[in-house]
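Student: Submitted below is the structure of interest, expressed as structure tokens.
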Amino acid sequence: MGMTLTEKILAVHAGTDQVKPGDLINARVDIALGNDITAPIAIEEFKKSGALTVFDKDRVILVPDHFVPNKDIKSAMQAKILRDFAKEQGLTYFFDAGEMGVEHALLPEKGLVLPGDLVIGADSHTCTYGGLGAFATGVGSTDLAAAMVTGEVWLKVPESIKIVFSGTLRPWVEGKDLILYTIGKIGVDGALYMAMEFTGPIIETLPMAGRLTIANMAIEAGAKNGIISPDTITRDYVEQRAVRDYTFFSSDPDAGYAQVLEFNVNDIEPQVAFPHLPENTRGISEVGQIIIDQVVIGSCTNGRIEDLRTAAKIIKGHAVAKGTRLIVIPATPYVYRTALKEGLFDIFLDAGAVISPPTCGPCLGGHMGVLAKGEKAVATTNRNFVGRMGHPESEVYLASPAVAAASAVLGLIGGPDQL
Amino acid sequence: MKTSGKVWKFGDDIDTDLIIPARYLNTSDPEELAKHCMEDADPKFADKVSESDIIVAENNFGCGSSREHAPIAIKAAGISCVIAKSFARIFYRNAFNMGLPILECNETDQLNTGDSLSVDFDTGMITHQQTGNTYKTKPIPVFMQELIQSGGLMNHIRKKIQNNQA
Ligand code: SF4
């Protein structure tokens, strides 16, 4: 039987011709990634292992994006562990404040993760790179430590679910809505331990930003990885930036799938995920009247330049509603500079928004916009768990940049058509 | 290997933000993390729990982030094992890599807070000490048993390094 592209990438990295779901393999990793929350534990484990140097200083990447610029003394101490280790090991890719961006936006942008790669990251949204046609999955700090030593990871080959999108997209419907809709259909454990392979005519024409957004949230359905077959859109994106060679894999016509889901996007309107799970989705027309205190546009899900452009287009000429705070967080220095050059910051500032430096910030309730008890926020992020953005009695509604921008102007959850 | 303890029961989709909220992730000190274990699901949990107690949950325990702080907090709080119908993937591997025993059991809806259980990890059998009922768990794959036997992933690798240097 043929193999899926996930299986092909795993087979190549395990040094074998064929793998099948359920096989336990030891695979070579192309990139091992850590951040300021997960890497300190990994570094401690690395040191205890007796290893002296990382397996490859070009392939261990550290990005202190969660709490840097250091938000308090404890997080300063954690970030320092990364700084010292990066220096001591001579890591090629350590991104400190100034160069630092949200890791999963930064690595594709810098051409550090590429089609056909096997990437592990001690961060659950490492699955983002599946948008480029890589096998990428989140692991824990101990796995990262092991990979830093050996350049390998143990993995169970996942079964694959194929998700096919066809039809015609409605206005303002984008990658975020497609993935929220999918999670709404299958639930937060709908793809537990599995690979989600996204395909169909809609995916084939979807820009890279939307593909990365979709793969980013595969973990929100419990998946091991999300993946999209690389094509000319992928080539256009990686060609200019790739720091290494890369390989395009695609699924065989007779590859085996545990399940095939087909969605007609004609039926999909902009989506909002209600508290406190990403599966609690509703179409924008069914949201009702929900007054909001804060809007966050940013994160590894939707903090790219395309997202800021969409938001600016909607906000232009409007003001943020009284009683609502809009926080815009460009995900990387490149996004920041581009938005500045294109005049997007003027639009946001004129409307009364706050512009934050690149950081995860409020996405995980860290800093730069933490919610108080009882407050409600619309966010372009990926999780709306209890207490995710601050107080355990605050609420997060997940949506696209278009819906978030419109909501900021309206002061309640709504779509661009309501402006 | 065996354990026994009192059950603390939770529902579906207990995510890593409930297990250890991100606001406490500016440290990885187990004692600190233990103080806030399960705080947003049950604010008094850390005070009530005693050594060798057992967390029992329904589906998809540990969903959300990759933070190893979650199994660390649970382990440091004194929990001897977690039993759920299913676990989120990263939590599952983290638990094995760190030596927190976890078991998948389809019948956790029959268990409640306050029940006393004894668990035999070799046979995968759970016994309810009050009723005498027994419950089966999914066998742990051989490869992961080996991981546990070497005392977690890093010990496994340490041994490899030592062998190479010898
Ligand atoms: S932006 Fe949010 S989801 Fe993405 S890496 Fe940062 S904390 Fe995690």
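Student: Which residue is most open to solvent (accessible area, probe 1.4 Å), if the candidates are limited to region A:362-387 and must be facing another protein chain (nearest Cβ under 9 Å) and without any contact (Cβ under 8 Å) to a residue 40 or more places away in the chain?
Tutor: A:Val370
Student: How many residues are assigned to a loop (DSSP other than H, G, I, E, B) and farther than 18 Å from A:Ile183 by Cα when one looks only at region A:387-419? Break it down into steps so the answer makes sense when it comes.
Tutor: At the first step, the residues of region A:387-419 found to be assigned to a loop (DSSP other than H, G, I, E, B) are A:387-389, A:391-394, A:399-400, A:411, A:413-415, A:419.
With the extra rule that they be farther than 18 Å from A:Ile183 by Cα, the set shrinks to A:387-389, A:391-394, A:411, A:413-415, A:419.
Selection size over region A:387-419: 12.
Student: In region A:395-411, is there at least one residue being surrounded by fewer than 24 Cβ atoms within 10 Å (Cβ to Cβ) and within 14 Å of another protein chain (Cβ to nearest Cβ)? Even if it seems obvious, please write down each step before you answer.
Tutor: Initially, region A:395-411 is screened for residues surrounded by fewer than 24 Cβ atoms within 10 Å (Cβ to Cβ), giving A:395, A:397, A:409-411.
Still in the list and also within 14 Å of another protein chain (Cβ to nearest Cβ): A:395.
Yes; the residues of region A:395-411 include at least one that is surrounded by fewer than 24 Cβ atoms within 10 Å (Cβ to Cβ) and within 14 Å of another protein chain (Cβ to nearest Cβ).
Student: Which one of A:Lys20, A:Lys8, A:Lys47 is out of contact with any Ser or Thr (no Cβ under 7 Å at 6 or more places or on another chain), closer than 15 Å to A:Gln89 by Cβ, of a type in the set (Lys, Arg) and open to solvent by 20 Å² or more (accessible area, probe 1.4 Å)?
Tutor: Numbers: A:Lys20 fails: closer than 15 Å to A:Gln89 by Cβ; A:Lys8 fails: closer than 15 Å to A:Gln89 by Cβ.
Only one candidate qualifies: A:Lys47.
Student: Hey, does region A:305-327 have a residue that's without any contact (Cβ under 8 Å) to a residue 40 or more places away in the chain and in a loop (DSSP other than H, G, I, E, B)?
Tutor: Checking region A:305-327: at least one residue is without any contact (Cβ under 8 Å) to a residue 40 or more places away in the chain and in a loop (DSSP other than H, G, I, E, B).
Student: I would also like to ask the following. Taking only region B:15-30 into account, find how many residues are open to solvent by less than 10 Å² (accessible area, probe 1.4 Å) and more than 7 Å from chain A (Cβ to nearest Cβ). Break it down into steps so the answer makes sense when it comes.
Tutor: Residues of region B:15-30 that are open to solvent by less than 10 Å² (accessible area, probe 1.4 Å), as a first pass: B:15-17, B:19-22, B:25.
Then keep just the ones that are more than 7 Å from chain A (Cβ to nearest Cβ); that gives B:16, B:19-20.
Count: 3.
Student: Still on this structure: Considering only residues that are away from the ligand (no atom under 16 Å from the Cβ), of a type in the set (A, V, I, L, M) and in a loop (DSSP other than H, G, I, E, B), look in region A:343-385 and name the one that is farthest from A:Leu326 (Cα to Cα).
Tutor: The selected residue is A:Ala372.
Student: Looking only at region B:20-46, how many residues end up being among the β-branched types (Val, Ile, Thr) and away from the ligand (no atom under 16 Å from the Cβ)?
Tutor: Filtering region B:20-46 for residues among the β-branched types (Val, Ile, Thr) gives B:20, B:27.
Pick out the ones that are also away from the ligand (no atom under 16 Å from the Cβ) and you get B:27.
Summing the residues that are among the β-branched types (Val, Ile, Thr) and away from the ligand (no atom under 16 Å from the Cβ) in region B:20-46 gives 1.
Student: Go through (1) touching a helix residue (DSSP H, G or I) at 6+ places or on another chain (Cβ under 6 Å); (2) within 25 Å of A:Ala145 (Cβ to Cβ) one by one and return the number of the condition B:Gln149 breaks.
Tutor: Going through the list (1) touching a helix residue (DSSP H, G or I) at 6+ places or on another chain (Cβ under 6 Å); (2) within 25 Å of A:Ala145 (Cβ to Cβ), B:Gln149 breaks only (1).
Student: Also, quick follow-up: From the residues in region B:66-83 that are within 11 Å of chain A (Cβ to nearest Cβ) and not in a helix (DSSP H, G or I), which one is surrounded by the fewest Cβ atoms within 10 Å (Cβ to Cβ)? Steps first, please.
Tutor: Of all residues in region B:66-83, those within 11 Å of chain A (Cβ to nearest Cβ) come to B:66-72.
Okay, now just the ones that are also not in a helix (DSSP H, G or I), so B:66-68.
Numbers: B:Ser66: 32, B:Arg67: 30, B:Glu68: 33.
Going through the qualifying residues, I end up with B:Arg67.
Student: Name the strands (runs of 3 or more DSSP E) wholly within region A:14-91 that hold at least 2 residues that are within 14 Å of chain B (Cβ to nearest Cβ)?
Tutor: On the way: elements: A:24-28, A:31-35, A:60-63.
It comes to A:24-28, A:31-35.
Student: Still on this structure, please answer the following. Which residues, taken from region B:33-51, are open to solvent by 40 Å² or more (accessible area, probe 1.4 Å) and within 9 Å of another protein chain (Cβ to nearest Cβ)?
Tutor: B:Ala41, B:Pro43 - these are the residues of region B:33-51 that are open to solvent by 40 Å² or more (accessible area, probe 1.4 Å) and within 9 Å of another protein chain (Cβ to nearest Cβ).
Student: Within the bounds of region A:250-257, is there any residue that is of a type in the set (D, E, K, R), in contact (Cβ under 8 Å) with a residue 40 or more places away in the chain and more than 14 Å from chain B (Cβ to nearest Cβ)?
Tutor: Residues of region A:250-257 that are of a type in the set (D, E, K, R), as a first pass: A:252, A:254.
Adding the requirement that they be in contact (Cβ under 8 Å) with a residue 40 or more places away in the chain leaves A:252, A:254.
Next, from what is left, pick out any that are more than 14 Å from chain B (Cβ to nearest Cβ): A:252, A:254.
Yes, the conditions are met somewhere in region A:250-257.
Student: Where in region A:94-201 are there strands (runs of 3 or more DSSP E), lying fully within it, with 1 or more residues that are facing chain B (nearest Cβ under 10 Å), open to solvent by 10 Å² or more (accessible area, probe 1.4 Å) and not β-branched (Val, Ile, Thr)? Can you show your working first?
Tutor: On the way: elements: A:118-121, A:135-138, A:152-156, A:160-166, A:195-199.
Once the strands (runs of 3 or more DSSP E) in region A:94-201 are filtered for at least 1 residues that are facing chain B (nearest Cβ under 10 Å), open to solvent by 10 Å² or more (accessible area, probe 1.4 Å) and not β-branched (Val, Ile, Thr), what remains is A:152-156.
The values are calculated or read from the model by the stated rules, or taken from the named source; none is laboratory data. Quick caveat, the model's predicted, so the values are computed rather than measured. Glycine gets a Cβ as well: all are built from the backbone with ideal geometry, and neighbour counts include every protein chain shown. Just the protein is used for accessible areas: all its heavy atoms, side chains included, with ligands, DNA and RNA removed. Shrake-Rupley method; radii C 1.70, N 1.55, O 1.52, S 1.80 Å.
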